[in-house]
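The values are calculated or read from the model by the stated rules, or taken from the named source; none is laboratory data. Only a predicted model underlies this, so the values are computations on that prediction, with no experimental measurement involved. Counting neighbours? That spans all protein chains shown, and the Cβs are built from the backbone with ideal geometry, glycine included.
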Amino acid sequence: MIQESKNPWKIIHSTKVYDNNWISVTEHQVINPSAGKGIYGIVHFKNYAIGIVAIDVHQNIYLVGQYRLPLMQYSWEIPEGGGKLDTNPLDSAKRELLEETGLIAQQWEEILRMHLSNSVSNELSIIYLATGLQQFTPEPEETEQLQVKKIPFNEAYEMVIKGVITDAISVAAILKIKLLHLGH
């Protein structure tokens, strides 16, 4: 039987091969669980990935559209952004929601924590449900060219089912809300 807490990997040597304000990449010389030598690259994220499912009293959800350079395509998503590791993630979620949509929520509930690509990174996403919404003016960052739309939640759910929404945080968050909060 495998001991879940025992690490079967042995790191022989590590070299940081890339570093910027958001990520660093380390290449490890390793002995793998089958005793073979190899390399393993790990991306370390310097922020939490924060996601917010903002739902109004009429069961509408707010989505943000933007062009994603790594994908070279447009993407519809829940409001998302980075939160510094030394900052309360809820404070980061409140900032991101206002920044991207102009919304301030009265009620907040953490609904999910997930690792986004645990075979190559340590990025942790924390996702919140935001309700009791009030509309103010969005405050996007200078690098963001965003489109915000409010649609019925079930329409966003269908976008996930049809593969229109493919962002991992958005897919997981919308499915979680569908199962737990709006499952009818």
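General observations
- Number of positions in the range 78-108 that are of a type outside the set (A, V, I, L, M, F, W, C), more than 20 Å from K150 (Cα to Cα) and either touching a strand residue (DSSP E or B) at 6+ places or on another chain (Cβ under 8 Å) or assigned to a helix (DSSP H, G or I) (or both): 6
- Flag if I52 is assigned to a strand (DSSP E or B), closer than 30 Å to Y157 by Cβ and either in the same structural domain as I151 (by TED's automatic domain parsing) or at pLDDT 95 or above (or both): yes
- Residue check, S119 outside the structural domain of Y40 (by TED's automatic domain parsing), modelled with pLDDT under 95 and among the hydroxyl-bearing types (S, T, Y): yes
- Scanning the range 6-47 for residues that are surrounded by 13 or more Cβ atoms within 10 Å (Cβ to Cβ), among the hydrophobic types (A, V, I, L, M, F, W, C) and within 27 Å of I126 (Cα to Cα) yields I23, V25, I42, V43, F45.
- Residue within the range 120-139 that is out of contact with any His (no Cβ under 8 Å at 6 or more places or on another chain), free of Cβ contacts under 8 Å to residues at least 12 places away in the same chain and of a type outside the set (V, I, T) present: no
- Residue within the range 79-90 that is under 30 Å from A130 (Cβ atoms) and touching a Gly at 6+ places or on another chain (Cβ under 6 Å) present: yes
- The test for being part of a strand (DSSP E or B) and among the aliphatic types (A, V, I, L, M) holds for I12.
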